[in-house]
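Undergrad: Please find one structure pasted underneath; my questions will follow.
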Amino acid sequence: MRSLFVILVLAIVVATAGVASAEVYKLPNFDKLTEYVFVYNMTYSKNFPERTGSEAVLFWNKTDHAYEFNLTKLGGYEKHTIKVKRGDTYILEIYEVGFSRTLMNFTFQPHLLYIDYPLWIGKTWVRFATFEGSAWTPMGEIAVKGVTFGYAKVVDEETISVEAGNFKAMKIKTVMESVFTSPFPMKIKTTQILWLTKDGVFVKRVIYKDNELSEVIELKKIESR
């Protein structure tokens, strides 16, 4: 596992050497995000087909020590606890529910690097953490432990058109391998494509599980809270 991680780091250093863009996105004001409601069209959901065509609503909330990303979906929600430190964002825990099932309830150690600001085309960073908590399986909800590792890369900056309008955004690709070590060995590959604006608004998110399309959401409108 250690040798694989070292190879991954070296590959990223080589791939990003000398790559830069004139446009740089700095850490956004997360307090500002808490002033709005972000409504998304869920254009595709593999695991929950009934969600396809429905809306998902995002609220950012501030706690004493972190920010909460609360995305409500038909029959459930996903919540990410995100901490801003040293100019970057880190995920402390992820909690996701779907139709009365706890799909995922993970805490990460060390905290999982999320967005490594500042951003420019070609910027790449390593992501690594151990996790523990619970997950839904064909056997029901079970306690799990494991490790997740991979990378994120800003592959482009482009203008993307969605129902909410046209947005200039960084296109960020994240590839993660999650290896479960308890209660039995299992591996899941998750690929996410995220279009993120300079203000920290994600305009579109596409998720693949083991290279198969899993979920797509696109920004529909932004409202004041």
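Undergrad: Projecting each Cα onto the charge dipole of region 2-224 (Lys/Arg +1, Asp/Glu -1 at the beta carbon, about the Cα centre), which of N70, G200, V57 comes out farthest on the positive side?
TA: G200
Undergrad: Where the only charges are on Cβ atoms (+1 Lys, Arg; -1 Asp, Glu), what is the dipole of region 20-115 about its Cα centre, to the nearest 20 debye?
TA: 140 debye
Undergrad: Determine the equivalent ellipsoid of region 95-214 by diagonalising the alpha-carbon gyration tensor, then write out the semi-axes as square roots of 5 times the eigenvalues, largest first, rounded to whole Å.
TA: Largest first, region 95-214 gives 29, 17, 12 Å.
Undergrad: OK, next. Let me know the Kirkwood hydrodynamic radius for region 146-225, please, with Cα pairs as the basis and the value in Å to one decimal.
TA: For region 146-225, inverting the mean 1/r across all distinct Cα pairs yields 14.0 Å.
Undergrad: At a 10 angstrom cut-off on C-beta neighbours, averaged per residue, how do the peptides 37-49, 131-143 rank from highest to lowest?
TA: Ranking the peptides 37-49, 131-143 by packing returns 37-49, 131-143.
Undergrad: Among K173/K204; K73/K173; K26/K198; K123/K171; K26/K85; K62/K85, which pairs are too far apart, with a Cα-Cα distance over 18 Å?
TA: Going by Cα-Cα distance, K73/K173 fall outside the 18 Å limit.
Undergrad: Based on the Cβ-Cβ distance from K32 to I188, what FRET efficiency comes out when R0 is 35 Å, to the nearest 0.05?
TA: E(calc), rounded to 0.05, equals 0.55.
Undergrad: Report, in debye and to the nearest 20, how large the dipole of region 78-217 comes out about its Cα centre when Lys and Arg carry +1 and Asp and Glu carry -1 on their Cβ.
TA: With Lys and Arg at +1 and Asp and Glu at -1, about 320 debye.
Undergrad: Can you bin every Cα-Cα distance in region 23-132 into 5 Å intervals starting at zero and give me the percent of pairs per bin, rounded to whole numbers?
TA: 2, 11, 17, 20, 19, 19, 10, 2, 0
Undergrad: Expressed as a rounded percentage, what relative contact order does the chain have, with Cα pairs under 8 Å and six or more residues apart?
TA: Normalised by residue count, the contact order of the chain is 18 percent.
Undergrad: Translational diffusion coefficient of the chain at 20 °C, 1.002 mPa s, Stokes-Einstein with Kirkwood Rh over Cα pairs, in µm²/s as a whole number.
TA: Answer from the Stokes-Einstein relation: 117 µm²/s.
Undergrad: Skipping prolines and chain starts, which residues have an amide H placed within reach, meaning under 5 Å, of the one on Y114, given they are 5 or more residues away or on another chain?
TA: Residues meeting the amide H criterion: T89, Y90, I91.
Readers should treat all values here as calculations from the given coordinates under stated rules, not as data from a laboratory. Being a predicted model, the structure only gives us computed values, none of them experimental. Because the Cβ atoms are built from the backbone with ideal geometry, glycine has one as well, and the counts that use them run over all protein chains shown.
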